[in-house]
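Colleague: Can you keep this structure in mind? I'll have questions shortly.
Bear in mind that the values in this text are calculations on the coordinates, not laboratory data. All values derive from a computational prediction rather than experimental measurement. So basically every Cβ, Gly included, is an ideal-geometry build from the backbone, and we count neighbours across all protein chains shown.
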Amino acid sequence: MKITRLAGLFAASALGGAIVAGDAQAQDTRFISMGTGGVTGVYYPVGGAICRLVNMDRREHGIRCAVESTGGSVFNINAMREQDLEFGVVQSDVQFNAYEGNDPWDDEPFEELRAVFSLHAEPLTLVARADAGIEHLDDLPGNRVNIGNPGSGQRALMDTLMAEKGWDHGTFSLASELASAEQAQALCDNMIDAFAFTVGHPAGSIQEATTTCDTVIVPATGEAVESLVEQFPYYFPATIPGGMYRGTDEDVETFGVGATIVTRGDVDEDVVYTFVKAVFENFDTFRDLHPALANLQPEIMVTQGLSAPLHPGAERFYQEQGWLEEDS
């Protein structure tokens, strides 16, 4: 699995620029890549926002950050294991399962996985055609449902939820595996009746679907959901506010996970320190870069939803801010 990098372009740009005293030399520039998700989701613009903050001071620290659109959380974990990515945005449940060696990494724990910080909540969002007669999660059987592409966080969550409910692909008349960037058009083209997406809100993919055709967002509640929330600390109840999307005026109850930033243990401590410093020293700017980030709080981001150990570079910065105890 190789990801096309923009390093050549960046290097050419660096060599063409003027080098002044105190600036990082072009030959000393360190390139880091961050895997995100589909371009219509939230991971990609959030990753782009982080890289912009890192790159603002690249002449001082010599680090150039590139954002990559990828297949999502599971893909990002696998790419980091193969050292094709230095950072990745992953769901909190995927982080947990990768570090512990749970499905789909049975007995192969990613022991070098390291947490950096958490981001926004990601409710499971079930979007259905208004004419499909789907009013609840339990109405999905027998319909054409997009459960997400293999390698995505939404697919990982749906696989878990389906197992808890005793469902499999045969439960649906069609279990499609479209990527997040394809599902809105498929819904409005009447190729599927519903899709399941774990995403922060507002999300471009949901806005595309709800403004292009008549849709509803339906609740994901019930015994199976309650059981998952009780069993696993990375799941929690969530609410999608009414009025955020056309066709859904009332609040919708569901459950979800959180988005997190992770890296590898072998990524240089100073690189990770610079990475988190760029975000938290420009925190107001960061929160303004996407509506899903508006309610973030630094003290919560350094602990909540993090299953893997903190990377020493991140830990050092958080201790300097007083957000973590020195002996933590």
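Colleague: I need GLU223, GLU315 ordered by Cβ neighbour count within 10 Å, fewest first.
Modeller: Ordered from fewest to most neighbouring Cβ atoms within 10 Å, GLU223, GLU315 come out as GLU223, GLU315.
Colleague: Next question. Let me know the charge dipole size of the range 122-257 about its Cα centre in debye, to the nearest 20, where only the beta-carbon of Lys, Arg (+1) and Asp, Glu (-1) is charged.
Modeller: Taking the Cα centre of the range 122-257 as origin, the dipole is about 340 debye.
Colleague: Next question. Expressed in nm², what is the orientationally averaged projection area of the convex hull enclosing the Cα positions of the chain?
Modeller: For the chain, the mean projected area of the Cα convex hull comes to 17.3 nm².
Colleague: Note down the net charge around VAL54, summing +1 for each Lys or Arg and -1 for each Asp or Glu among other residues with Cβ under 10 Å from its Cβ.
Modeller: +3
Colleague: Enumerate the calculated ³J(HN,Hα) couplings along the range 263-274 in order (Karplus 6.51 cos²θ - 1.76 cosθ + 1.60, θ = phi - 60°), each rounded to whole Hz, writing x wherever the residue is Gly or Pro.
Modeller: Karplus-based 3J(HN,Hα) across the range 263-274 equals 8, 9, x, 8, 5, 3, 4, 5, 5, 5, 4, 5 Hz.
Colleague: How much net charge surrounds GLY258 when only the other residues with a Cβ under 11 Å from the Cβ of GLY258 are counted, with Lys and Arg +1 and Asp and Glu -1?
Modeller: Every neighbour counted, the sum reads -2.
Colleague: On to the next question. Helix 7-16 against the longest principal axis of the chain: what's the angle in degrees, Cα atoms only, rounded to the nearest 10?
Modeller: 40 degrees
Colleague: Let me ask another. Can you give the percent of C-alpha pairs in the range 203-247 whose distance is more than 12 Å?
Modeller: So the pairs more than 12 Å apart make up 67 percent of the total in the range 203-247.
Colleague: Tell me the net charge near ASN295. Cut-off is 15 Å between Cβ atoms, ASN295 excluded, with +1 for each Lys or Arg and -1 for each Asp or Glu.
Modeller: Its environment carries a net charge of -3.
Colleague: Once amide H atoms are built 1.01 Å from N in the peptide plane, which residues 5 or more positions from LEU124, or in another chain, come under 5 Å H to H?
Modeller: Hits under the 5 Å cutoff: PHE255, GLY256, VAL257.
Colleague: Which of the listed residues, GLY148, THR263, VAL46, is farthest toward the dipole's positive end in the chain, when Lys, Arg count +1 and Asp, Glu count -1 at the beta-carbon?
Modeller: Checking the options against the dipole of the chain, the answer is VAL46.
Colleague: On a C-alpha basis, how far is the centre of the range 248-316 from the centre of the range 127-190 in Å? Whole number, if you could?
Modeller: Measuring centre to centre over Cα atoms gives 28 Å.
Colleague: Something else now. Can you list residues whose amide H is under 5 Å from GLY200's amide H, if they're 5+ apart or on another chain and H is modeled 1.01 Å from N?
Modeller: VAL42
Colleague: Is the shape of the range 138-200 best called rounded, prolate or oblate, per the rule: a/c under 1.5 gives rounded, else a/b larger than b/c gives prolate, else oblate, with a ≥ b ≥ c the square roots of the Cα gyration tensor eigenvalues?
Modeller: oblate
Colleague: May I ask you to list the GluC sites (Glu not before Pro) in the range 230-266 that are in a DSSP loop and have at most 12 other Cβ atoms within 10 Å of their Cβ?
Modeller: GLU250
Colleague: Restricting to Cα pairs below 8 Å that are 6+ residues apart, what does the relative contact order work out to for the range 217-269? Please round to a whole percent.
Modeller: 35 percent
Colleague: Under the rule of -39500 (n - 2.57) per DSSP H run of 4 or more residues, summed and divided by the residues of the chain, what mean residue ellipticity at 222 nm is obtained, to the nearest 500 deg cm²/dmol?
Modeller: After summing the helix terms and dividing by residue count, I get -10000 deg cm²/dmol.
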